[in-house]
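Working notes for the structure below.
The values are calculated or read from the model by the stated rules, or taken from the named source; none is laboratory data. Model, not experiment: these values are computed from the prediction. In this analysis, Cβ positions are derived from the backbone assuming ideal geometry, glycine residues included, and neighbour counts consider all displayed protein chains.
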Amino acid sequence: MKLKFICAPASGNGGTETVLKKALNHLSKKYQVELYLTTIPVNRLWLDQMKNVKIHEPHSESKPYKLFYLLRIFLTARNSDRFIILGANTINLASKIRKITKKKYMITSWIHYSLINQNMFNPNNITLADNHWAISTPIKKQLMDLGINENKISLIFNPVDQYAGDLNTPDTSDTLRLVYVGKIMLDGQKNLRELFQGIKNYSHPVHLDLFGADSSNGEVQDYVNSIGLNSHCTFHGWTKNPWKIIVEEIHPNALVLTSKYEGLPMVMIEAMSRGIPCLVADFSGYEDIIKKQVNGLVYLSNNTKDLVQKMYIANENKFKNETIANSISKFNSKNYYLRLDQILEKRTLC
C-alpha cells in the first residue's frame, strides 16, 4: 500500500513536523510512504531525519505554481493510493479532482489545528474526506459537530518518545520561572500579549524565557520594552534543543501557553514528560493533556486577573515531577504506533 501524506504549510520548527517525522518513519517500515510539502521549509533538519520516505516539494512559493503542483499530484494518482492530508483546502481540491476524473483514491483528513476559533480554513472542506484521524478529543467532537459519523473518525493523539533523562527540579527562589516554547507572536494564535500583561500584573519577582523563531519583525520585543518588561524576559530564538537548556539551566516552575487555539499542543506533552507542569489558557485542545492540580493549571482566556492568580499557584511548587511525567503515558510513542498500525490494518484508514 502506498501512503501519500500532503503537508500543510510548515516552517520546519513546529510540533506538527515532529509528529510527521515520527509517524512517517514508523510507517515507512511497513508501507511505501511519500511526503508532499506545500511550502519550502526554512528548517530542513526534520526532513533530513526521515528514513525511507520519498519527499516531494514545490520549487516556487507562487500560488499558480502551487496549484499546478497539487493538481499534478491528484491527476497522476492511482486508484490504490491513499492520501492523508493535513490541510482542509487541499482536501477540497483532492475531492473535486477525484470526482471529475472518477478516480477511486482514498482521502483521509489529519488536521493538526482546532477547527473552531480560527480563520485559516473552512472546516466544511474536511467533510469531503472519506475518514479522519483526530489528534485530540475536542477535534473529534468538532468533526462530529460537522455531521461526520463517529465510526469514520479515529482518535489517534500525537506521539512523544519516552524521556530518559533527569526530570526538572523547579526553581525554589522567590522568582517565578516560566518558559514558553513556540512561535513568537504578539497576537494571533499564540497571543503572547496576554502573557506579557499577566507578567506585568504579577506583583512578585518573575522571569520568562522564550524559545522560538520570531516572525514579528521585532514587534514582540518592542512591545516588551514599551511596557517595561525587558529585564523580565529572555529571548533565546530558535534553539535546536531547548529542553536541555530548560531542564539543566532554567529549572522552570511551569511552561506557559496563552494560545487562542491549538490542536494537541506537543510542547505541553514534551514539557510534562520532563516533569514540568503547564499553565495554559482554556483553548480547545488542552483537555486531553491537563489534569488540573496534577500536571498543570488552566486559566480563563482573556482574563488577565485569572492568569495572574494561577501564576501565584504555579509558584507554590506543589506539583510532583514524577507524577507529572507519568500522567501522559497514553502519548508514549509505543502506544501511538500501536494505534496507528491498528487503524491502517483495517484497510479503510478509518
(message) With the requirement that a residue be assigned to a loop (DSSP other than H, G, I, E, B) and modelled with pLDDT under 95, what does the range 114-152 give you?
(response) Ser114, Leu115, Ile116, Asn117, Gln118, Asn119, Met120, Phe121, Asn122, Ile135, Ser136
(message) For the range 15-62, which positions are of a type in the set (Gly, Ala, Ser) and over 19 Å from the mean Cα position of the chain (by Cα)?
(response) Ser28, Ser60, Ser62
(request) Would you mind telling me which numbered condition in (1) in contact (Cβ under 8 Å) with a residue 40 or more places away in the chain; (2) crowded, with 20+ Cβ neighbours inside 10 Å; (3) of a type in the set (Val, Ile, Thr) Thr169 fails? (result) (2)
(request) State yes or no: is Pro159 farther than 28 Å from Pro252 by Cβ, surrounded by 15 or more Cβ atoms within 10 Å (Cβ to Cβ) and either over 19 Å from the mean Cα position of the chain (by Cα) or not β-branched (Val, Ile, Thr) (or both)? (result) no
(message) hydrophobic (A, V, I, L, M, F, W, C), at pLDDT 90 or above and either surrounded by 21 or more Cβ atoms within 10 Å (Cβ to Cβ) or within 22 Å of Lys330 (Cα to Cα) (or both): is that true of Leu186 in this structure?
(response) no
(request) Can you run down the residue pairs with Cβ atoms below 6 Å, 6 or more apart or on separate chains, where the first is in the range 1-18 and at positive phi and the partner is crowded, with 17+ Cβ neighbours inside 10 Å? (result) Gly12/Pro41; Gly12/Trp46
(request) Considering each residue of the range 200-211, count those that are in contact (Cβ under 8 Å) with a residue 60 or more places away in the chain, buried (at least 18 other Cβ atoms within 10 Å of the Cβ) and either touching a Ser or Thr at 6+ places or on another chain (Cβ under 9 Å) or of a type in the set (Val, Ile, Thr) (or both), and give that number. (result) 1
(message) Of the residues Val224, Val179, only one is surrounded by 22 or more Cβ atoms within 10 Å (Cβ to Cβ), outside any strand (DSSP E or B) and touching a strand residue (DSSP E or B) at 6+ places or on another chain (Cβ under 6 Å); which?
(response) Val224
(message) Restricting to the range 206-248, give me the number of residues that are more than 21 Å from Gly188 (Cα to Cα) and aliphatic (A, V, I, L, M).
(response) 4
(request) Kindly indicate the residue of the range 3-48 that is among the polar types (S, T, N, Q) and in a helix (DSSP H, G or I) and also surrounded by the fewest Cβ atoms within 10 Å (Cβ to Cβ) among those meeting that condition. (result) Asn25
(request) Would you be able to tell me the number of residues in the range 244-264 that are among the β-branched types (Val, Ile, Thr) and part of a loop (DSSP other than H, G, I, E, B)? (result) 1
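Quick grid of which residues meet (1) touching a Lys or Arg at 6+ places or on another chain (Cβ under 7 Å); (2) over 30 Å from Glu248 (Cα atoms); (3) without any contact (Cβ under 8 Å) to a residue 40 or more places away in the chain:
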residue: Gly87; (1), (2), (3): no, yes, no
residue: Ser109; (1), (2), (3): no, yes, yes
residue: Leu143; (1), (2), (3): no, yes, yes
residue: Ile148; (1), (2), (3): no, yes, yes
residue: Ser173; (1), (2), (3): no, no, yes
(message) Take the residues in the range 291-317 that are touching a residue at least 12 places away in the same chain (Cβ under 8 Å) and among the charged types (D, E, K, R); name whichever of them is nearest to Ser173 (Cα to Cα).
(response) Lys310
(request) Take the residues in the range 87-113 that are closer than 16 Å to Leu155 by Cα and in contact with a helix residue (DSSP H, G or I) (Cβ under 7 Å, 6 or more places away or on another chain), then tell me which one is modelled with the highest pLDDT. (result) Ser109
(request) Would you be able to tell me the number of residues in the range 49-84 that are assigned to a loop (DSSP other than H, G, I, E, B), loosely packed, with under 15 Cβ neighbours inside 10 Å and in contact (Cβ under 8 Å) with a residue 24 or more places away in the chain? (result) 6
